[in-house]
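Trainee: Attaching a single structure in structure tokens format; questions to follow.
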Amino acid sequence: MNAVAEHICLDAIDACSGEALCQQLQEIVDDRRLTAVFQPILDMHQATVIGFEGLIRGPVGSVLHSPVELFSVARNCGMVSEVEYLSRRIVLESFARLDFPGKVFLNVSPDVLLEQSSKSGETLKYIEQLGLQPSQVIIEITENAPTLDYQLLRDATRHYRNMGFEIAIDDLGEGFSGLRLWSEIRPNYVKIDKHFIENIHLDLVKLQFVRSIQEIANKSGARIIAEGIESQAEFMAIRDLGIAYGQGYHIARPNAAPLREVPQEISLSLARTEGARKHLLQHRATVEQLLKRIPSVEPTCSNADVFRMFEEDMDIYSIPVTQNGTPLGLISRYTMIDGFARPYRRELYGRRSCEKMMDSSPLIVEKSVSLHELSDLILQSKPHHLSVGFIITENGQYIGMGSGHDLLRLVTKLQINAARYANPLTLLPGNVPINEHIDSLLDEDIPFVACYFDLDHFKPFNDVYGYQKGDEAIQLTGRLLTEACGPNDFLGHVGGDDFILLFQSSFWEMQCENVLKHFADLAPRLYSATDRQRKGIETEDRQGERRFHPIISLSIGAVMVSADQFESHHEVSTAAAIAKKQAKKISGNSLFVERRSVA
């Protein structure tokens, strides 16, 4: 048989095989031979299961058992909508029958979501028949196309939100335009692709990616779900980054009857972290300190009713509009009064929905966001946000309001207090706050790593280049250490070229190595071209002899601290100083870790 004939025969076999698979898939759909399995989604702060992702499986033993093969064949056979609709029904039926607590995440592809038939309210009618509420269901959009009609997608997600559903986007970082999708539809939940979770504790790029996504989420009111957590090390890294929710084999595998309670070993890993988080929030200024309990209204509330609320309480300047706890917008007293002051406006719009007077792009922040981050966000936003205030959420759900006036007052107070003990060069906390923080961690029995940072060969550099260049070297060190801090870590400037960083992050050692690498790259830039070429400077000592001093380097002494080994900040600082001296015995940029008991 020649090559052409052989190729024709292979094509014919493939065609027959494709037809057979399409026929098999049609029979599976007709007989409803699909099975739902569920994977728990864990609240990383509360150590509770908040819901389950509903996944689908084909018949056991079939080539279509795997969801990847199932939907690949469905796409080739032009049956994606048919298979998705059936999968959706089977997941919802199983979720209702098993009477699961929390929410169910339904996977929906954008092309199916945008079909005209999908907007008919079929899903809403069906879940009501099953005895479920829309607030229990999250529409999880899985991006699988290189081009999307964002306007249609915005309309579709708004349609589902108006019915009471929440929206999630899946696999952020894997698809074609994940950040654009996030910006366009403003989801309640964002799932980070498992690629960025795999070995995150060993990869600084992945760590920084997830940290950046977390910062965006804090400022947009979204909640992050880390998918694909498959090891304890990955789990601890996600925990230390402050990610809201986790999902993966390390927590629980998908199952037709999944665990409803958090496994004990997982719960124990999170218990100490929750205590540390509460401790940090008590000692760090966050949005929660500005919280005022202002009643919200639903979109069904009329303009006249909102106007009455403003009349009855003169201290309320803005009223949030929410649906099932999710913020939709904000109504300003001034907007309402100005609107009703115009001729016939009250008569025309009084009975209409308050959405008519609502600002649909309010400033929304999570209660754990720092005041520093909030201040930056307001400066980058439109000026009116300072006067009308901002919505405060907890895990994306409305809990209260904050005002620009209260923010300015608290920031001013904190700045005055901080200035009493801050280092004037770096503005970092000085000795008193450092010692107080160490004692607080010991009192709370929170383990941490105390790292003492010190510059080598700094004095001769300062003598030759002058105090201004010396200040630049110290400020460079402060910036690098600030970037190395996780959400639970504390950085202080002891004085001169000495810094203390109290790590609670599990990836602290990798962060120290990263600081050393960056310092080694940047420190030579402080020198002249000639000194860079000879890798140091020459000075004259007190005896008049010439001495060579290498380019300044950074030494780090690290001590693992627990309350059963240390009683006060005095003991911790002594141990850290000893470790730092050991690090300085090592040539160049170095890290010495005291792993033995030093009590």
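The values are calculated or read from the model by the stated rules, or taken from the named source; none is laboratory data. Treat the numbers as computed from the prediction; the structure is a model and nothing was measured. Note that we place each Cβ from the backbone using ideal geometry, even for glycine, and neighbour counts take in every protein chain shown.
Trainee: Between a first residue in segment 240-266 that is touching a residue at least 12 places away in the same chain (Cβ under 8 Å) and a second residue that is among the acidic types (Asp, Glu) and part of a loop (DSSP other than H, G, I, E, B), which pairs have beta carbons less than 7 Å apart while being 6 or more apart in sequence or on different chains?
Mentor: 247/227; 248/227; 248/230; 249/230; 250/230
Trainee: Assess whether residue 477 counts as being of a type in the set (S, T, N, Q) and modelled with pLDDT of 95 or more.
Mentor: Here the answer is yes, as residue 477 does meet what is asked.
Trainee: Could you please find all residues in segment 47-61 being closer than 17 Å to residue 31 by Cα and buried (at least 16 other Cβ atoms within 10 Å of the Cβ)?
Mentor: Within segment 47-61, 56, 57, 58, 59 qualify.
Trainee: Select from segment 38-91 the residues that are in a loop (DSSP other than H, G, I, E, B) and small (Gly, Ala, Ser) and write down the one among them that is farthest from residue 122 (Cα to Cα).
Mentor: 47
Trainee: Spot the failing condition for residue 573; the list is (1) surrounded by 12 or more Cβ atoms within 10 Å (Cβ to Cβ); (2) modelled with pLDDT of 95 or more, and only one is missed.
Mentor: (2)
Trainee: For segment 490-599, please list each of the strands (runs of 3 or more DSSP E) lying entirely inside it that holds at least 2 residues being over 18 Å from residue 438 (Cα atoms).
Mentor: The strands (runs of 3 or more DSSP E) meeting that bar are 536-540, 546-550, 553-561, 590-594.
Trainee: So which residues in segment 462-479 are surrounded by 15 or more Cβ atoms within 10 Å (Cβ to Cβ) and within 13 Å of residue 525 (Cβ to Cβ)?
Mentor: 465, 473, 476
Trainee: Could you tell me which of the residues 416, 446, 391 is closer than 21 Å to residue 293 by Cβ and hydrophobic (A, V, I, L, M, F, W, C)?
Mentor: Of 416, 446, 391, the one residue that is closer than 21 Å to residue 293 by Cβ and hydrophobic (A, V, I, L, M, F, W, C) is 391.
Trainee: Quickly run through segment 152-179 and pick out the residues that are part of a strand (DSSP E or B) and either at pLDDT 85 or above or hydrophobic (A, V, I, L, M, F, W, C) (or both).
Mentor: Scanning segment 152-179 gives 166, 167, 168, 169, 170, 172.
Trainee: If you don't mind, another one. Could we say that residue 490 is of a type outside the set (Lys, Arg) and in contact with an Asp or Glu (Cβ under 9 Å, 6 or more places away or on another chain) here?
Mentor: No.
Trainee: For segment 306-315, check the following and say yes or no: at least one residue is closer than 30 Å to residue 489 by Cα and either touching a residue at least 24 places away in the same chain (Cβ under 8 Å) or in the same structural domain as residue 401 (by TED's automatic domain parsing) (or both).
Mentor: Among the residues of segment 306-315, not one is closer than 30 Å to residue 489 by Cα and either touching a residue at least 24 places away in the same chain (Cβ under 8 Å) or in the same structural domain as residue 401 (by TED's automatic domain parsing) (or both), which makes the answer no.
Trainee: On to the next question. Take residue 224 and tell me if it is closer than 26 Å to residue 55 by Cβ, crowded, with 19+ Cβ neighbours inside 10 Å and touching a residue at least 40 places away in the same chain (Cβ under 8 Å).
Mentor: So residue 224 fails the test.
Trainee: Of all helices (runs of 4 or more DSSP H) completely enclosed by segment 333-437, which ones contain at least 1 residues that are closer than 30 Å to residue 477 by Cα, out of contact with any Cys (no Cβ under 6 Å at 6 or more places or on another chain) and of a type in the set (D, E, K, R)?
Mentor: Correct list: 371-380, 404-421.
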